[in-house]
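See structure below.
Since every read-out is calculated from the coordinates, none of them should be taken as a lab result. If you're wondering where the values come from, they're calculated on a predicted model, not measured in any experiment. Cβ: placed from backbone, ideal geometry, glycine included. Neighbour counts: every protein chain shown.
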Amino acid sequence: MIKIFQLVTSVNLGGAENIAFSLSENCSKANPNDFEFIVVELYHTKSKYAFEKKQELFSKKIRVITLFKGPKRLGLLFAPFKLGYHIVKEKPKAVHSHTDLPDFVLSMFLKLNFFFKLKIIRTIHNTELWTEYPKVAKFVESSFTNDTVIGVSEAALVAYQELRKKNNLTVSEYTSVIYNGCSCPSKKETPFLINKQKINIAFCGRFETQKGIDILLERILEINNLFEDQFVFHLIGNGTYREEAQKLTVTTTNVFLYDAVSNISDKLYVFDFIIMPSRFEGLVLMSIEASFARVPVIAAFAPGLDETLPVNWQLQFHLENKEELFILLKKIVNKEFELEELKEEAYSYVSKKFSLNTMIDSYSRLYDLSFENKSLKLDLKK
């Protein structure tokens, strides 16, 4: 039995976390006698979503370990020692790290325990890495030598390569792209206040600048002035801009705010559109899930996000050009788009490119090769 740690920032709503959960659940299911996965979170998140997700993982015999339950910044100091404790106790064959803070904690552990033999796998989920902390980036990356590096998109892998070169570090010999995979969602009961007389648009994700939620909150007020009584906006998630979103629900009648929702892909079908005003992404899962649910995505042109949509997708706009967004919305109001054709185009695209089975098979083979000391220089997408 191969025991693997999935190292994430926290059990929370996020593309990187969802991939870690999906790998833990599906690789175990596909190879019940081969793998045991343990989700290791850096810090504890007190939310309904986190509680429900941990219960769901527990029901699937996937344990969750929390490294620190205090303040987040203090946790970054203690987490490397707690990670070391659990590695000694559990004896995993590998640690699979997802995103920057888990990479930081793992790098600290490796610097403190340079003699420790451990297989390192990292998935790069973003196209912009450590932009605000370049010195931290060099410190973190210097801990990793020829680890197995997977980009969730071509753009994400290029970002990793450029970061290494910028810091005069050798790029790993063992790199590949494995696209995030999704399964076709079902239709489950939802908590959303849908107005069937209007056009319902949802934003789902972290309320952070990367996701463009700040721009969306500004645009909604202008949209309401331009298109009175046409749209209802559903904001689902949490983060830095939560308070601003809450204020908007007080001053407007067509904006609804919800906490992060478990298994959101099974509930997207009730919306007319998903809006994604992202500044950058690795390979955003929400766009893929929406297309599988046959809900058209209104998307900003952004690295990583672009790869999830068909070429020349008609519902894209430049984030800094608000007029482009308004023109798209006017066309939607005037029913100028052939929506059924758009839905079919997006569904066909993601069905071919983002198969859950392909992702699970690719990672399963990667884990197997990792422990058989065979070459990882292979095309994992085949």
Requested in this report: Could you list which residues have their amide H under 5 Å from that of Glu36, counting only those 5 or more apart in sequence or on another chain, with H placed in the peptide plane?
Outcome: Ile2, Lys3, Ile4
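Need one number: convex hull volume per residue for region 199-353, Cα atoms only, in Å³. Walk me through the intermediate numbers first.
Numbers: hull volume 15.8 nm³, N = 155.
Value for region 199-353: 102 Å³ per residue.
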Query raised in the report: For all pairs of alpha-carbon atoms in the chain, what percent lies in each bin of width 20 Å, listed from the first bin to the last filled one?
Result: 28, 57, 15, 0
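With charges set only on the Cβ (+1 for Lys and Arg, -1 for Asp and Glu), what does the dipole of the chain come to about its Cα centre, in debye to the nearest 20?
Numbers: 49 positive and 46 negative charges, 338 e Å.
Approximately 1620 debye in magnitude.
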Query raised in the report: Which cross-chain or sequence-distant (5 or more) residues have an amide H under 5 Å from the amide H of Gly212, H modelled 1.01 Å from N in plane?
Result: Arg279
Query raised in the report: What number, in percent, do you get for the relative contact order of region 1-146 if the mean sequence gap of Cα pairs under 8 Å and at least 6 apart is divided by its residue count?
Result: 25
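Is the shape of region 60-137 best called rounded, prolate or oblate, per the rule: a/c under 1.5 gives rounded, else a/b larger than b/c gives prolate, else oblate, with a ≥ b ≥ c the square roots of the Cα gyration tensor eigenvalues? Kindly include the intermediate steps, with their values, before the conclusion.
Details: a/c = 1.42, a/b = 1.35, b/c = 1.05.
Taking the square roots of the gyration eigenvalues as a ≥ b ≥ c, region 60-137 is rounded.
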Query - Nearest-20 debye value, region 199-353 charge dipole, Cβ charges on Lys, Arg, Asp, Glu - result: 240
Report summary line: With x for Gly and Pro, the residue-by-residue ³J(HN,Hα) of region 141-148, computed from phi through the Karplus equation 6.51 cos²θ - 1.76 cosθ + 1.60 at θ = phi - 60° and given in whole Hz, is 5, 5, 7, 10, 10, 6, 6, 7
Report summary line: Interchain or sequence-distant (5+) residues whose placed amide H lies within less than 5 Å of the amide H of Gln316 are Ala299
Report task. Give me the angle, in degrees from 0 to 90, between the Cα long axis of helix 213-226 and the longest principal axis of the Cα atoms of the chain, rounded to the nearest 10. Result -> 10
Report summary line: Between the alpha carbon centres of region 220-289 and region 125-189 the gap in Å comes to 28
**Report entry** When the convex hull of its Cα atoms is projected in every direction, mean area for region 255-298 (nm²)
**Finding:** 3.6
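Could you tell me which of the pairs Lys46/Lys247; Lys61/Lys352; Lys48/Lys117; Lys54/Lys93; Lys54/Lys91; Lys53/Lys188 are separated by over 26 angstrom between their Cα atoms in the structure shown? Don't jump to the answer; show the numbers that get you there.
Details: Lys46/Lys247 22 Å; Lys61/Lys352 31 Å; Lys48/Lys117 38 Å; Lys54/Lys93 23 Å; Lys54/Lys91 22 Å; Lys53/Lys188 16 Å.
As for pairs spanning more than 26 Å Cα to Cα, those are Lys61/Lys352; Lys48/Lys117.
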Report summary line: To the nearest 10 degrees, the tilt of helix 242-251 (Cα long axis) against the first principal axis of the alpha carbons of the chain is 10
Query raised in the report: Got a sec? Which residues in region 260-290 would a label at Phe337 touch, if it sits 7 Å along Cα→Cβ and we count backbone N under 11 Å?
Result: 272-276
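Which of the peptides 214-226, 299-311, 255-267 is most tightly packed, and how do the rest follow, judged by the mean count of other Cβ atoms within 10 Å per residue?
In decreasing order of mean packing, 214-226, 299-311, 255-267 become 299-311, 255-267, 214-226.
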Query raised in the report: Per-residue HN-Hα couplings for region 314-328, Karplus 6.51 cos²θ - 1.76 cosθ + 1.60 at θ = phi - 60°, whole Hz, x for Gly and Pro?
Result: 6, 9, 9, 8, 7, 4, 7, 10, 5, 5, 4, 5, 5, 5, 4
**Report entry** Note, ³J(HN,Hα) from phi for region 69-86, Karplus 6.51, -1.76, 1.60, rounded to Hz, x at Gly and Pro
**Finding:** 10, x, x, 4, 5, 5, x, 5, 7, 8, 4, x, 6, 5, 4, x, 4, 6
Report summary line: Here the alpha-carbon Rg of region 1-142 over 2.2 N^0.38 Å rounds to 1.01
Report summary line: For the chain, the charge dipole (Cβ of Lys, Arg +1; Cβ of Asp, Glu -1; about the Cα centre) points to a positive end, and the Cα of Asn334, His318, Tyr269 closest to that extreme belongs to Tyr269
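Explain nothing, just the number: relative contact order of the chain, from Cα pairs under 8 Å at least 6 residues apart, as a whole percent. Show your work: numbers first, answer last.
On the way: 684 pairs, mean separation 57.0, N = 382.
Rounded, it is 15 percent for the chain.
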Query raised in the report: Hey, which lysines would be in cross-link range of Lys330, C-alpha to C-alpha under 17 Å, not counting anything within fewer than 8 residues on its own chain?
Result: Lys198, Lys322
